[in-house]
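Some notes on the structure that comes next.
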Amino acid sequence: MLHLTRPLAVIDLETTGINLGSDRIVEIAIVKITPDEKKIIKHKLINPEIPISQGSIDLHGITNEMVKDAPPFRQVANELKQFLDNCDLAGYNSNRFDIPLLVEEFLRAGMELDTKGRKLVDVQRVFHMMEQRTLGAAYRFYCNKELVGAHGAEADASATWEVLVAQLEKYPQLGTTVESICKSTGDENIVDFARRFIMENGIEVFNFGKHKGRPVAEVLKAEPQYYDWMMKGDFPMHTKQKLTEILNRTLLKKG
């Protein structure tokens with residue numbers, strides 16, 4: 001069994017699409033596991049205030065009509081933020097999708113879901129490292145069950161938690177703490193969730209475009225207009241937030 005020193009929140013989102021910068025949440029489920037093994041579930045439909053793509057409707061079955069009377073994210077942001085307070089975060093492909101998109105929604109609502117100091121457990125990383133399958137196959141492989149209600153946020157989040165517990169039993173080398181799991185799967189030292197910047201030798205460097213591999217601060221000094229270009233571009237808000245932090249830190253050093 002997983003030994004927790006603080007709560008672990010297993011998150012699953014259903015969305016209008018897969019673009020971190022422009023798509024929105026239509027359903028969120030959080031399965032929170034406490035150190036004393038209590039399971040608390042929070043589940044909400046969200047009005048995304050933009051149309052849900054047909055491809056997404058075909059996938060998760062949530063229509064525009066179903067969410068038209070649901071609250072927009074900004075109305076439930078504070079409640080969700082409090083529910084996630086002091087939690088490590090987990091999910092299935094969550095480090096690349098669910099958590100980055102959730103961070104974006106909080107930023108749009110004028111709030112910040114600070115991930116500093118939190119461990120981020122991506123169950124898909126464990127699964128792909130060990131078996132190379134999808135969530136439905138993972139549920140079948142590890143739990144010997146069929147995933148009923150797949151692509152419903154609550155069903156997926158609950159299945160993800162069950163898979164994680166089963167993985168700990170199957171792979172003793174993962175250990176029994178959130179820290180040991182992250183260490184085993186290669187806990188990423190990311191700068192922004194879209195991975196436009198990465199850390200190399202303790203310095204933020206560009207991970208895309210013509211400046212790939214160059215220190216961000218160095219580029220901002222040499223080409224101040226590059227900051228303006230990125231801030232006006234179609235980059236996620238979290239990327240822009242981190243870029244601004246680096247710029248401000250650079251300006252402080254100048255002073």
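The criterion of at least 3 residues that are more than 18 Å from Ser94 (Cβ to Cβ) and not assigned by TED's automatic domain parsing to the domain that holds Met129 is met, among helices (runs of 4 or more DSSP H) falling completely within region 160-255, by 216-222, 224-232, 237-254. Of the listed requirements (1) farther than 30 Å from Ile41 by Cβ; (2) surrounded by 13 or more Cβ atoms within 10 Å (Cβ to Cβ), Gln225 misses just one: (2). Restricting attention to region 166-183 and to residues that are of a type outside the set (Ser, Thr, Tyr) and under 15 Å from Gln124 (Cβ atoms), the residue that is surrounded by the most Cβ atoms within 10 Å (Cβ to Cβ) turns out to be Ile181. Filtered by the rule that a residue be free of Cβ contacts under 8 Å to residues at least 40 places away in the same chain, polar (S, T, N, Q) and at negative phi, region 69-121 gives Gln75, Asn78, Gln82, Thr115. Kindly establish whether Asp36 is assigned by TED's automatic domain parsing to the domain that holds Ala159 and either surrounded by 23 or more Cβ atoms within 10 Å (Cβ to Cβ) or among the basic types (Lys, Arg) (or both). Judged against the criteria, Asp36 is not a match. Would you please name the residue that is surrounded by the fewest Cβ atoms within 10 Å (Cβ to Cβ), looking only at residues in region 122-165 that are among the acidic types (Asp, Glu) and free of Cβ contacts under 8 Å to residues at least 24 places away in the same chain? Among them, the one singled out is Glu146.
The values are calculated or read from the model by the stated rules, or taken from the named source; none is laboratory data. In this text, all values refer to a predicted model and were calculated from it rather than measured experimentally. Note: ideal-geometry Cβ built from the backbone for every residue, glycine included; neighbour counts use all protein chains shown.
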